[in-house]
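Peer 1: Dropping the structure in here first, questions after.
The values are calculated or read from the model by the stated rules, or taken from the named source; none is laboratory data. Just so you know, these numbers come straight off a predicted model, no measurement behind them. Glycine gets a Cβ as well: all are built from the backbone with ideal geometry, and neighbour counts include every protein chain shown.
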Amino acid sequence: MDKSCIIPVVKSPQDYQAYRISPDATNRLAIIFEPAVVNLSITYCLEIFDVGGKTPPNRHQFAVETFFVLKGEGIAMCDGKEVAIRSGDTLLVPPRGVHEIRNIGSERLYTITVMVPNENFAELIRSGVPVELDAEDIAVLRHTLVPDSV
């Protein structure tokens, strides 16, 4: 057996801490993996967009950012180009592309968002306002039905 192999890191939804980057942000990011945990320059998170929610236009100097849509529908914009996104779609934003994502659906939009290299993304997220994942968020992660009481 290769002695350089490390034990894999396993986390469950109850281990995730979510944040709003600013108090008025209409999206939340729950960090799943980050450099401090995996010793790699990657940030891997669940991004949750409220109905009508969006990211502010932003860009990354070196990082490639990908979004895998778990649930919902939205519009992705990059350098003036727009494309519709929905469950099952994957979006890749190259370095230096000015981009934003908007939820245009009638329910929350959920993406798995990955940035490589980290380019201080995890640190930006952690500098925000801590928030909790609710039953709907956990249900999407577990791919289960949401109880009527939510």
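Peer 1: Filter segment 15-49 for residues that are among the acidic types (Asp, Glu) and assigned to a loop (DSSP other than H, G, I, E, B); which is nearest to Gly105 (Cα to Cα)?
Peer 2: Asp24
Peer 1: Quick check on my filter: what residues within segment 83-105 are without any contact (Cβ under 8 Å) to a residue 24 or more places away in the chain and either surrounded by 16 or more Cβ atoms within 10 Å (Cβ to Cβ) or small (Gly, Ala, Ser) (or both)?
Peer 2: Correct list: Ala84, Ile85, Ser87, Gly88.
Peer 1: Say we look at segment 106-119 and pick out the residues that are surrounded by fewer than 18 Cβ atoms within 10 Å (Cβ to Cβ) and of a type in the set (Val, Ile, Thr); which of these is farthest from Val51 (Cα to Cα)?
Peer 2: In this case the residue turns out to be Val116.
Peer 1: On to the next question. Looking at (1) farther than 22 Å from Tyr16 by Cα; (2) among the polar types (S, T, N, Q); (3) under 14 Å from the mean Cα position of the chain (by Cα), which is the one condition that is false for Asn58?
Peer 2: (3)
Peer 1: Among what's in segment 70-99 and is among the acidic types (Asp, Glu) and more than 16 Å from the chain's Cα centre (by Cα), pick the residue that is modelled with the lowest pLDDT.
Peer 2: Asp79
Peer 1: Please determine whether any residue of segment 12-26 is more than 28 Å from Ala139 (Cα to Cα), modelled with pLDDT under 95 and not charged (D, E, K, R).
Peer 2: no
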